[in-house]
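**Q** There's a structure below that I have some questions on.
We did not get these values from a lab; they are worked out from the coordinates using the rules stated. Owing to the predicted nature of the structure, the values given are computational and were not obtained by experimental measurement. Quick reminder, even Gly has a Cβ in these numbers, built from the backbone with ideal geometry, and neighbours come from all protein chains shown.
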Ligand SMILES: Cc1cc2nc3c(=O)[nH]c(=O)nc-3n(C[C@H](O)[C@H](O)[C@H](O)COP(=O)(O)OP(=O)(O)OC[C@H]3O[C@@H](n4cnc5c(N)ncnc54)[C@H](O)[C@@H]3O)c2cc1C
């Protein structure tokens, strides 16, 4: 097979899933991750429908993921005094499996660490491609040669910048920022969450890890702020400017954020690219087609994209020209459908007027009793299942035998 040595940038969801499948298909993946160690933190992510679940099952990690599921139930919208005004049952939005992103990243890391070389605390600084491969230079490690380079480094992908061009060409800001961090469950929330919404702002808290802790979540409407993504002090100051004195638990949570072990802050955006590959370089997950954190689709889409990319490389015997074209063909419509789930949600999440915020709060009161109440969950499931996965035989114990199995059928492992 050609092109066995593959560098992947990013060790969150898309990167380790890709490494897992590349190894199963006989490639040698190396992952470089900018963070000094595996990154914890982030909100709960959802997997829904058979496309997602069948890949996780084939990876042998579904049971472990299920045992780490959040088990979060309903979400209540509260007024400024904390009194519940509307209660939304979990099944209105939930997928089949909800898990904290940090737990997911750890399980994926454990499933790959024995056969993937991880370079933590480093980043690619240049990519120079020639007929036989790519010379890669790093911030810290010595230069190395790889056959292929794949960017799984998220919304603000470094690989995309180096190989395709500046972020502004591909990232569409959706007018919202979000911050998430772990805090004490000082409200004593029991597998549930509370959210408080005012014009242009939403602050929420939900219990995590069997109520032992909680996640604080902030969303606020804003044009691009041009903040340095590594400047946590400035990010926290911006959050404080927006939420100080906003009511409910805002001030308490702003105080707690200064001690949070895993403060995460980012703009909410989508990535739109005509091509996800260039020469020997390809992008996968948020780096290529981020659907936005408001879509509830980011991790599932990254999972499917990584599975297909690895499978197509194997099916083409490592020929990246053939594999990259097939990867884009297979995933393009699926990614577009998932991205649609993020369209328009920003205005619902943080409506810019008080009137609209109050109309929405009232609507949520009656929503659980309306006939079309599960519509959002149904539409999300349809988008998540809108792909027919190939089997991509791996030739190792646990390999698959059939090709082109329709979603919804469980694949028999041999
Ligand atoms: C710590 C963390 C918390 C998150 N929390 C949320 C959240 O609360 N809500 C939400 O909607 N989404 C969140 N996300 C994004 C979410 O995980 C993705 O939308 C989705 O899972 C798709 O995953 P991905 O692997 O494509 O990208 P990501 O999960 O974004 O992962 C990208 C990875 O690349 C790494 N990376 C970035 N730059 C470089 C570089 N120069 N060199 C090497 N590595 C690099 C990052 O550290 C990260 O590990 C979070 C991501 C991270 C890393």
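**Q** For the stretch 165-205 and the stretch 281-299, what is the centre-to-centre distance using only Cα atoms, to the nearest Å?
**A** 18 Å
**Q** Using the count of nearby Cβ atoms within 10 Å as a rough guide to exposure, how do 356, 257 rank from fewest to most?
**A** On the way: 356 16, 257 23.
The order, fewest Cβ neighbours first, is 356, 257.
**Q** Also, I was wondering about something else. So how tilted is helix 354-366 from the main axis of the chain? Cα-based, degrees 0 to 90, rounded to 10.
**A** The helix 354-366 is inclined about 80 degrees to the chain.
**Q** If one computes the Cα centroid of the stretch 4-36 and of the stretch 228-249, what distance in Å separates the two points?
**A** Spelled out, the Cα-based centre of one part sits 34 Å from the other.
**Q** How much length, in nm to one decimal, is gained on full extension between residue 319 and residue 369, taken as 0.36 nm per residue of separation minus their Cα-Cα distance?
**A** Values: separation 50, 0.36 × 50 = 18.00 nm, distance 5.41 nm.
Full extension from residue 319 to residue 369 adds 12.6 nm.
**Q** Now for a different question. On a 0 to 90 degree scale, rounded to 10, what angle separates helix 101-112 from the longest Cα axis of the chain?
**A** Helix 101-112 and the main axis of the chain meet at about 20 degrees.
**Q** Label-point separation (nm) for residue 2 and residue 352, each offset 7 Å from Cα along Cα-to-Cβ?
**A** Simple spin-label model gives 5.1 nm for this pair.
**Q** Would you please calculate the Kirkwood hydrodynamic radius of the stretch 2-126 over all C-alpha pairs and express it in Å, rounded to one decimal? Please report the intermediate quantities before stating the final value.
**A** Numbers: mean 1/r = 0.0610 Å⁻¹.
About 16.4 Å for the stretch 2-126.
**Q** To check you understand DSSP bridge types, tell me what percent of the beta bridges within the chain (both residues inside) are antiparallel, rounded to 5. Intermediate results must be reported in sequence, preceding the final value.
**A** Values: 49 of 68 bridges.
Of those bridges, close to 70 percent are antiparallel.
**Q** Hey, another quick one. Determine the calculated [θ] at 222 nm for the chain from helices alone, applying -39500 (n - 2.57) to every DSSP H run no shorter than 4 residues and normalising by the residue count; nearest 500 deg cm²/dmol.
**A** Numbers: 13 runs with 136 residues, N = 414.
Rounded to the nearest 500, the figure is -10000 deg cm²/dmol.
**Q** Taking only Cα atoms of the chain, what ratio of Rg to Rh do you get with Rh as the Kirkwood inverse-distance radius? If you can, show how the numbers build up before the last one.
**A** Numbers: Rg = 21.2 Å, Rh = 22.0 Å.
Using Cα coordinates only, the ratio equals 0.97.
**Q** Quick one: P(r) of the stretch 1-48 from all Cα-Cα pairs, 10 Å bins, percents rounded to integers, in order of increasing distance.
**A** 23, 45, 26, 6
**Q** Normalised by the residues of the chain, what does the relative contact order come to in percent, with Cα pairs under 8 Å and at least six apart? Before the final figure, lay out each step's value.
**A** Values: 882 pairs, mean separation 91.0, N = 414.
Relative contact order of the chain: 22 percent.
**Q** Report the semi-axes of the equivalent ellipsoid for the stretch 347-392 in whole Å, largest first, where each axis is √(5λ) for an eigenvalue λ of the Cα gyration tensor.
**A** Details: eigenvalues 214, 44, 5 Å².
Each semi-axis is √(5λ); the values are 33, 15, 5 Å.
**Q** Sticking with this structure for a sec: Would you mind checking the tilt of helix 320-340 against the longest principal axis of the Cα atoms of the chain, expressed as 0 to 90 degrees and rounded to 10?
**A** Tilt relative to the chain: about 10 degrees.
**Q** May I ask for log10 I(q)/I(0) of the stretch 209-304 at q = 0.24 Å⁻¹, from a Debye sum over the Cα atoms as equal point scatterers with solvent left out?
**A** For the stretch 209-304 at q = 0.24 Å⁻¹, log10 I(q)/I(0) is -1.29.
**Q** Counting only DSSP beta bridges with both residues in the stretch 1-143, tell me the antiparallel percent, nearest 5. Each step should come with its number before you reach the end.
**A** Values: 13 of 22 bridges.
Of those bridges, close to 60 percent are antiparallel.
**Q** Mind checking Rg over Rh on the stretch 148-191, alpha carbons, Kirkwood formula for Rh? Walk me through the numbers on the way to the answer.
**A** Working: Rg = 17.3 Å, Rh = 13.9 Å.
Checking Rg against Rh, the ratio lands at 1.25.
**Q** Here is a further query. Over every pair of different alpha-carbon atoms in the stretch 196-260, take the mean of 1/r and invert it; report that Kirkwood radius in Å. Working shown, then result.
**A** On the way: mean 1/r = 0.0782 Å⁻¹.
Value: 12.8 Å, from the Cα pair sum.
**Q** Where the Cα atoms of the stretch 253-403 are projected onto their three principal axes, how long is each span, largest first, in whole Å?
**A** So the three principal-axis extents are 58, 43, 33 Å.
**Q** While we're looking at this one, here's another question. Ranked by Cβ crowding within 10 angstrom, fewest neighbours first, how are 196, 259 ordered? Provide the component values of the computation, followed by the final result.
**A** On the way: 196 23, 259 11.
In increasing order of surrounding Cβ atoms, one gets 259, 196.
**Q** What is the projected area of the convex hull of the Cα atoms of the stretch 235-287, averaged over all directions, in nm²?
**A** Values: hull surface 23.4 nm².
Orientation-averaged projected area of the Cα hull: 5.8 nm².
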